[in-house]
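FYI, it's all coordinate maths here, none of it is from the lab. Every value quoted in this text rests on a predicted model; they were computed, and no experiment measured them. Every residue, glycine among them, receives a Cβ derived from its backbone with ideal geometry; neighbour counts consider all protein chains shown.
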Amino acid sequence: MPPAMRLPFRPTLVVANVATGGGAAATPVDARMVKTGFDPATYQLNLHLHSLISSGRLAQARALFDQMAPHRSNAFSLNRMLSGYSRYGQLAEAHHLFLSSPPRLRDAVTWTVMMGALAAAPGRAADAVSLFRDMIREGVALDRVTMSTVLNVPAASSGTTALLHPFAIKLGLLHSSVVVCNTLLDAYCKHGLLAAGRRVFQEMPHRDSVTYNAMMMGCSKEGLHGEALDLFADMRRASLSATQFTFSSMLTVATAVGDLRLGHQIHGLVTRASSAHNVFVNNSLLDFYSKCDCIGEMEKLFDGMLECDNVSYNVMITGYAWSQCADTVLRLFREMQALRFDRQALPYATLLSVAGSLPHIGIGKQIHAQLVLLGLSSEDLVGNALIDMYSKCGMLDAAKTSFVNKNDKTAVSWTAMITGHVQNGQQEKALQLFCDMRRVGLSPDRATFSSIIKASSSLAMIGLGRQLHSYLIRSGNMSSVFSGSALLDMYAKCGCLDEALRTFDEMPERNSISWNAVISAYSHYGQAKNAIRMFEGMLRYGFKPDSVTFLSVLSACSHNGLAEECMKYFELMENEYGISPWKEHYSSVIDTLGRVGRFDKVQKMLSEMPFGDDPIIWSSILHSCRIHGNQDLARVAAEKLFSMGPTDATPYVILSNIYAKAGKWEDVARVKKTMRDRGLRKESGYSWVEFKHKIYSFSSNDQTNPMIAEIKDELKRLYKEMDKQGYKPDTSCALHQVDDDLKFESLKYHSERLAIAFALINTPPGTPIRVMKNLSACLDCHAAIKIMSKIVNRDIVVRDSSRFHHFKDGVCSCGDYW
């Protein structure tokens, strides 16, 4: 027989027919016949069963299996039938066969095959764990394959892992099977039980690359990046080859600590290893460079990759999305479509995020249309991304439609809706959604808390903020640096600086966001020296300041007139940290210089600024002109603003007030006529105060509050006491061409005074009063509230459109510089 025609060698036994005394012809038997109990007939049936299953003829295989029962079927045939069902995705038939089979036929392999089938099926992992517990109760002996299977089930709890550990010791597997040890170690690490995993690692007599990879990933997951690096060094000293998972773990560490040098070293090792062209490793490198903002190196690596998969493109698109490179994101997305990647694996969620951040509703709607065609629009990830995109584009009705159409509304879905309403200024609706979320039994996560705390900050509802603080503690989310930072910001914006600082001091962990929040808090309270002290502390603790940090420091300098310090930190930002100033940074510097009357330096900054005319900057100049009565420059600033077609009346009002203060009533009339001709109206001033978890708003000379008579009586009582203290109304703040008595009448019922009187009537003596105002307070109100705080012996905190004023014992925290 030619070699190609030879059958593969198969060892045989020759068994004599003992019934005939050994004289008859011998029967050749292969190894598989032993599993059937040396019954040639059952052996032949099992061979036929195997052939049918291998060719996918499961119905015929089941018919044969049923014919074999009860005399010819055994554990081997049952296991083959179960494996066949599992292989071809017929889980229901497999489960029914398992449950209906006689217990005598089920061995460890039977249970393991059934557990493996359940574990592989979507949403059935918990059933696999339950089956394992049944196996234990029935006293079936475990083997190493069973243990490895159970430990790899995603739903296996830490308790299940701990339960298997003694079995592994009893069976002697911890000293004989590296595979079982690795699986046990990996399970402990995945469940966050690093101490138990470390114990298994230390007790293992033999370790391989898989052992070190599992331990390194466990350390990295728990933030123990230094220990992960030490393990990598130990692994190299043990002459164990690094695998693709080793490199991936180390790149995860480098990304987490932001160590570009370490990432470059790992890249060098990858280049010299056999993994140089491994797409999995290259994707990890792409992810590292993307998250370290090394877009150039990410591009270079991607262009040189011999093989790219959908993950490669997804990482690239995400990296460009973070860097606001919308055109490149769209180009790569079209490239993915042209390469005919699985359309369901395309990064639709990332594209929707880009559309929302631009915002570009056209792109968002195109992506939405593709999702509808693919039947993916109601799926969890893209459904949440649609809610987020429509919210950022200001289309809350479309966001609500996407929310309603979702099959499964998770905590993330609710959070997206809540965040969308907060971003669009609908804080009350956001609070209602939060209550609805709780009502349907969903627990808020740290992102939910962050958004709802922002809502209470915007409304200045300190009562609600304190309730959320309490809930955070009870739910175990207080240790989150994000929750702590949001709380800090909330207390600061609600006029509770002491509680904001206490929150900062009690935070177990801080990041740059926490430091930015506390610097911003001091800035808004006009405490520039403390803001600068915190900035220096941030540097000492090794945190790198960003654009937001410097904006808060410059704003603090502006509120205190620290022109030299402001210039110092502006130059430090660019020269020392390489941060390009935003328009807002220039605005803060120009505001600082203008408020101290350094208009020559203002002109110099304007000439050096790499931007065109900007309404924020010229509004800042106009405010400075109001302080110093610089009518000439005010006219220039106002004309600049008018030419930009402002959508609000602020510049007109400021210019009108400058003319009014100078007694130029004809110019006042001209500016007001221009406002009317352009359809612009002065924004009405109003103030609000929280009482018993409700907001009470007041406008100037408000007559709508049911308690208005009592409020005015309280103010009359205060004015009598203020007269005794030497209070003289500053009628220049009443910018009307009337006599002084009428001017005072218009001043004494300004909205913040009504709010303060309401709080005095309704709150116990000594209770701090916190008032919020949408516009800046006038000079006379500022002077009046100082005296009020002394008369009533209360702290009065007023938050206007730009900062806080803390009045106490007749003194304001701003030092009358505002």
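Quick notes
- Within-10-Å neighbourhood charge of Gly356 [Cβ basis; K, R +1; D, E -1]: 0
- Using only alpha carbons, the range 681-818 has a radius of gyration to Kirkwood radius ratio (Rg to Rh) of 0.93.
- Angle in degrees between helix 615-628 and the longest Cα principal axis of the chain, rounded to the nearest 10: 30
- Coil-residue GluC sites (Glu not before Pro) of the range 245-352, DSSP, other Cβ within 10 Å capped at 14: Glu307
- Trypsin sites (Lys or Arg not before Pro) within the range 271-347, DSSP loop, no more than 14 other Cβ atoms inside 10 Å: Arg340
- Taken about its Cα centre, the chain carries a charge dipole of roughly 1360 debye when the Cβ of each Lys and Arg holds +1 and the Cβ of each Asp and Glu holds -1.
- Evaluated at q = 0.22 Å⁻¹, a Debye calculation over the C-alpha positions of the range 753-818 (equal weights, vacuum) places log10 I(q)/I(0) at -0.87.
- Top positive-direction residue, dipole computed over the chain with Cβ charges, set Leu269, Ala447, Leu572: Ala447
- Short-range pairs are left out: with C-alpha atoms under 8 Å and at least six residues apart, the relative contact order of the chain is 4 percent.
- Net charge of neighbours whose Cβ lies under 15 Å from the Cβ of Gly537, counting Lys and Arg as +1 and Asp and Glu as -1: +3
- Long pairs among Lys601/Lys682; Lys221/Lys544; Lys672/Lys748; Lys493/Lys808; Lys583/Lys640, criterion Cα-Cα beyond 28 Å: Lys601/Lys682
- Once the Cα gyration tensor of the chain is diagonalised, semi-axes √(5λ) in Å: 72, 29, 26
- For Tyr686, the residues whose amide H sits under 5 Å from its own are Asn774, Leu775, ignoring neighbours fewer than 5 places away on the same chain, with H placed 1.01 Å from N.
- The range 465-570: translational diffusion in µm²/s, Stokes-Einstein, Kirkwood Rh over Cα pairs, 10 °C, 1.306 mPa s: 114
- If the convex hull is drawn through the Cα atoms of the range 267-418, its volume per residue in Å³: 120
- Local electrostatic count at Arg62 - Lys and Arg +1, Asp and Glu -1, tallied over other residues with Cβ under 12 Å: 0
- Calculated on C-alpha atoms, the gyration radius of the range 204-328 divided by its Kirkwood radius gives an Rg/Rh of 0.99.
- Each of Leu330, Ser312, His360 was placed along the dipole of the range 304-370 (beta-carbon charges, centred on the mean Cα), and the one lying farthest toward the positive end is His360.
- For the pair the range 289-365 and the range 584-618, the centres of their Cα atoms are 38 angstrom apart.
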